[in-house]
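Student: Following this message is one structure expressed as structure tokens.
The values are calculated or read from the model by the stated rules, or taken from the named source; none is laboratory data. Computed from a predicted model, the values in this text were never measured in an experiment. In this analysis, Cβ positions are derived from the backbone assuming ideal geometry, glycine residues included, and neighbour counts consider all displayed protein chains.
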Amino acid sequence: MPRATNSPASHRRRKKILKAAKGYHGGRRRLLKRATETVERAWTNAYRDRRRKKREFRRLWIVRINAAARAHGLSYSVFMNRMSKLSVGLDRRQLADLAVRDPEAFGALARQAAQAA
């Protein structure tokens, strides 16, 4: 009796890896073993960096808010504390966007925060 190799499933697995390796150069695109190594590394990095991206954006927003708050004589922590005491419903992302795109509006918030002392 001939050996059963489950060929359709094997082809699907290989095709999935080689399709994911599209755009790579040389053997990384054509050879299954090299493509598998590269694609698995890429998937690992993508998984990790989807989580890291959230941290990095939060850090960026904090840096922007801090720079804008210091221009108005407040530190980041004091500014954010007074924003929460004033019950301003803007999160860090929105505050950072205001600081960059609309400095006058951010200045108005900073003046409110300075008066809230």
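Student: Quick check on region 72-95. Is at least one of its residues assigned to a loop (DSSP other than H, G, I, E, B), surrounded by 10 or more Cβ atoms within 10 Å (Cβ to Cβ) and among the aromatic types (Phe, Trp, Tyr)?
Tutor: Within region 72-95, not a single residue is assigned to a loop (DSSP other than H, G, I, E, B), surrounded by 10 or more Cβ atoms within 10 Å (Cβ to Cβ) and among the aromatic types (Phe, Trp, Tyr).
Student: Here's a check for you: in region 1-43, which residue that is modelled with pLDDT of 95 or more and not in a helix (DSSP H, G or I) is surrounded by the most Cβ atoms within 10 Å (Cβ to Cβ)?
Tutor: Only one residue fits best here, namely ALA21.
Student: If I filter region 108-116 for residues that are in contact with a Ser or Thr (Cβ under 9 Å, 6 or more places away or on another chain) and modelled with pLDDT of 95 or more, do I get at least one hit?
Tutor: no
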